[in-house]
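I have placed the structure first, in the form of structure tokens, so that the comments after it can refer back to it.
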Amino acid sequence: MRLLIIEDEKSLSMALKELFVCEGFLVDTAFNGADGLDNALSGIYDIIILDVTLPKMNGIEVLKEIRRNNITSAVLMLTAKSQTDDKITGLKSGADDYLTKPFATEELIARVWALSRRKSMEYVTETLRYADIELDRTHHELKKDGKGIKLSSKEYQLMEILMLNKENVVKRDYCISKIWGYESDIEYNSTDVYISFLRKKLNALKSRAKIKSVRGIGYSLGENE
Ligand code: CA
């Protein structure tokens with residue numbers, strides 16, 4: 001699960017980051033509304049913790065922009081006690097939950113886990129289809145005509161991105177930040193390695209689906225004629 005924390009109080013933000021890294025989340029942070037929105041619009045986060053009072057752009061504006069751009073990350077808003085109106089405005093603007101400051105960290109962790117469970121339920125109920133193949137999101141298997149091949153975790157994440165964007169070009173940078181995170185220092189061409197594994201598996205299934213490379217940009221899913 002990828003988590004973004006948009007909070008301008010650096011000490012709080014750092015403490016929260018540490019906490020959620022220990023809980024097994026991949027965490028990025030932003031210290032003002034504009035930077036936070038920039039990160040959020042990448043669409044790579046499952047959950048966003050969003051403070052209401054932020055410099056450059058407040059939390060409500062950030063949230064509205066996130067939803068206006070059809071980003072489906074679950075958003076938990078942090079509001080101050082004096083901002084009761086903000087709760088209502090926040091939830092109306094598309095927040096999934098809110099917590100009033102000051103809060104107990106156990107409470108925040110519990111709420112975030114609840115949102116992440118809801119997020120993974122969305123995944124479990126779905127099978128993605130393209131051309132003659134299916135991606136089983138529960139068992140991480142690529143299937144054709146009832147035959148299945150197991151995918152490794154990285155292969156699965158890449159295939160999922162390709163199938164969600166079928167026929168559109170997916171940038172290599174996007175794949176890297178979604179799978180390895182912004183702060184990773186993986187080799188730029190590592191995605192090529194996993195793409196070649198996926199191609200072998202598509203061949204093994206004798207699928208019509210084909211992963212095309214778009215030079216200097218990324219990849220797209222297409223069909224063999
Ligand atoms: Ca603040």
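Which condition does GLY33 not pass, out of (1) under 19 Å from the mean Cα position of the chain (by Cα); (2) surrounded by fewer than 19 Cβ atoms within 10 Å (Cβ to Cβ); (3) modelled with pLDDT of 95 or more, if it passes all the others?
Against the list (1) under 19 Å from the mean Cα position of the chain (by Cα); (2) surrounded by fewer than 19 Cβ atoms within 10 Å (Cβ to Cβ); (3) modelled with pLDDT of 95 or more, GLY33 comes up short only on (2).
Could you tell me how many of the residues in region 49-70 are assigned to a loop (DSSP other than H, G, I, E, B) and either modelled with pLDDT of 95 or more or at negative phi (or both)?
Counting residues in region 49-70 that are assigned to a loop (DSSP other than H, G, I, E, B) and either modelled with pLDDT of 95 or more or at negative phi (or both) gives 7.
Yes or no: region 124-147 includes at least one residue that is touching a strand residue (DSSP E or B) at 6+ places or on another chain (Cβ under 6 Å) and under 25 Å from VAL75 (Cα atoms).
There is at least one residue in region 124-147 that is touching a strand residue (DSSP E or B) at 6+ places or on another chain (Cβ under 6 Å) and under 25 Å from VAL75 (Cα atoms).
Of all residues being within 15 Å of the ligand (Cβ to nearest atom) and closer than 12 Å to ILE48 by Cα in region 65-79, which is surrounded by the most Cβ atoms within 10 Å (Cβ to Cβ)? Just the residue, please.
Filtering region 65-79 for residues that are within 15 Å of the ligand (Cβ to nearest atom) and closer than 12 Å to ILE48 by Cα, the one surrounded by the most Cβ atoms within 10 Å (Cβ to Cβ) comes out as MET77.
Scan region 9-29 and give yes if some residue there is touching a residue at least 12 places away in the same chain (Cβ under 8 Å), more than 19 Å from the chain's Cα centre (by Cα), in a loop (DSSP other than H, G, I, E, B) and crowded, with 18+ Cβ neighbours inside 10 Å, otherwise no.
No, the conditions are met nowhere in region 9-29.
Within region 30-48, restricting attention to residues that are under 23 Å from SER120 (Cβ atoms) and not in a loop (DSSP other than H, G, I, E, B), which residue is nearest to the ligand (Cβ to nearest atom)? Spell out how you get there, then give the answer.
Residues of region 30-48 that are under 23 Å from SER120 (Cβ atoms), as a first pass: 39-48.
Applying the additional criterion that residues be not in a loop (DSSP other than H, G, I, E, B) yields 39-40, 47-48.
Details: ASN39: 17, ALA40: 16, ILE47: 18, ILE48: 15 Å.
If we take residues in region 30-48 being under 23 Å from SER120 (Cβ atoms) and not in a loop (DSSP other than H, G, I, E, B), then ILE48 is nearest to the ligand (Cβ to nearest atom).
Tell me, which residue of region 1-29 that is within 16 Å of the ligand (Cβ to nearest atom) and of a type in the set (A, V, I, L, M) is nearest to ALA110 (Cα to Cα)?
Only one residue tops the list, namely LEU16.
Filter region 194-225 for residues that are of a type in the set (S, T, N, Q) and outside any helix (DSSP H, G or I) and give the result.
The first filter runs over region 194-225 and keeps only residues of a type in the set (S, T, N, Q), leaving 196, 203, 207, 213, 220, 224.
Across region 194-225, the qualifying residues are SER207, SER213, SER220, ASN224.
From the residues in region 170-193 that are within 18 Å of the chain's Cα centre (by Cα) and in a loop (DSSP other than H, G, I, E, B), which one is modelled with the lowest pLDDT? Walk me through how you get there before you give the answer.
Going through region 170-193, the residues within 18 Å of the chain's Cα centre (by Cα) turn out to be 170-184, 191.
Pick out the ones that are also in a loop (DSSP other than H, G, I, E, B) and you get 180-184.
Numbers: TRP180: 81, GLY181: 74, TYR182: 66, GLU183: 61, SER184: 65.
Checked region 170-193; the qualifying residue modelled with the lowest pLDDT is GLU183.
Hey, among LEU164, LEU205, LEU198, LEU158, which residue is touching a Gly at 6+ places or on another chain (Cβ under 9 Å) and either closer than 19 Å to LEU26 by Cβ or at pLDDT 95 or above (or both)?
Working: LEU164 fails: touching a Gly at 6+ places or on another chain (Cβ under 9 Å); LEU198 fails: touching a Gly at 6+ places or on another chain (Cβ under 9 Å); LEU158 fails: touching a Gly at 6+ places or on another chain (Cβ under 9 Å).
The conditions single out LEU205.
The values are calculated or read from the model by the stated rules, or taken from the named source; none is laboratory data. Note that the structure is a prediction, hence the values are computed from the model and not measured. With ideal geometry, Cβ positions are generated from the backbone for all residues, glycine too; neighbour counts draw on all protein chains shown.
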